């Protein structure tokens with residue numbers, strides 16, 4: 001016999017209810033019960049960031065949070081970023097810079113960047129690196145991801161534009177221990 005309970009939460013601005021098993025994580029409920037498969041399942045121990053979502057304005061690894069802990073809270077997943085069928089400025093910037101390579105880590109990267117830009121509208125490169133530190137990219141597309149966050153933030157007044165790397169230099173192939181320790 002399994003212990004099930006009803007849980008109510010707001011997901012992407014919509015009130016949602018699910019009958020869940022008390023030991024299920026928020027990741028399991030989002031993917032399996034609510035059908036929101038944009039949040040990726042990967043390491044299941046909170047090390048990769050693929051399952052990053054925003055709960056009440058703060059990023060969390062959905063694989064580490066029990067679904068019952070999200071009861072009554074507001075959860076944003078990658079599906080909630082595009083409004084009215086239009087990409088958010090951040091999503092558009094990811095496309096423009098080629099940040100979405102294989103795409104597996106991108107939902108978590110987008111949510112971490114969304115939370116960063118909500119608290120720091122004009123982040124420095126160091127702040128972007130810190131804000132994305134919990135998200136791993138196995139394709140090593142960190143430079144494009146950082147550029148995408150910078151591009152999305154450029155609309156803010158007084159935003160300092162960071163120079164692009166010289167053409168012909170494949171920065172994705174050059175590990176940067178400051179961005180992603182190898």
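Looking only at the stretch 53-73, filter to residues that are within 19 Å of residue 32 (Cα to Cα) and within 13 Å of the chain's Cα centre (by Cα); which one of those is surrounded by the fewest Cβ atoms within 10 Å (Cβ to Cβ)?
55
Is there a residue being under 23 Å from residue 148 (Cβ atoms) and out of contact with any helix residue (DSSP H, G or I) (no Cβ under 7 Å at 6 or more places or on another chain) anywhere in the stretch 67-74?
no
Conditions tested, residue by residue: (1) assigned to a helix (DSSP H, G or I); (2) farther than 16 Å from residue 27 by Cα; (3) without any contact (Cβ under 8 Å) to a residue 60 or more places away in the chain.
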site	(1), (2), (3)
59	no, no, no
107	yes, no, no
118	yes, yes, no
133	no, yes, yes
149	yes, yes, yes
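Select, from 50, 82, the only residue that is at pLDDT below 95 and under 15 Å from the mean Cα position of the chain (by Cα).
Answer to the check: 82.
Let's see how each residue does on (1) free of Cβ contacts under 8 Å to residues at least 40 places away in the same chain; (2) in contact with a strand residue (DSSP E or B) (Cβ under 6 Å, 6 or more places away or on another chain):
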{"position": "20", "(1), (2)": "no, yes"}
{"position": "27", "(1), (2)": "yes, no"}
{"position": "32", "(1), (2)": "yes, no"}
{"position": "45", "(1), (2)": "yes, no"}
{"position": "55", "(1), (2)": "yes, yes"}
{"position": "69", "(1), (2)": "no, no"}
{"position": "79", "(1), (2)": "no, no"}
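Just to be sure, is residue 126 farther than 18 Å from residue 42 by Cβ, outside the structural domain of residue 52 (by TED's automatic domain parsing), in contact with a strand residue (DSSP E or B) (Cβ under 6 Å, 6 or more places away or on another chain) and modelled with pLDDT of 95 or more?
no
So which residues in the stretch 98-120 are at pLDDT below 95 and farther than 19 Å from residue 46 by Cα?
If the condition is that a residue be at pLDDT below 95 and farther than 19 Å from residue 46 by Cα, then 98, 99, 100, 101, 102 are the ones that fit.
The values are calculated or read from the model by the stated rules, or taken from the named source; none is laboratory data. None of these values were measured; they are calculated from a predicted model. Positions of Cβ are backbone-derived with ideal geometry, glycine not excepted, and every protein chain shown enters the neighbour counts.
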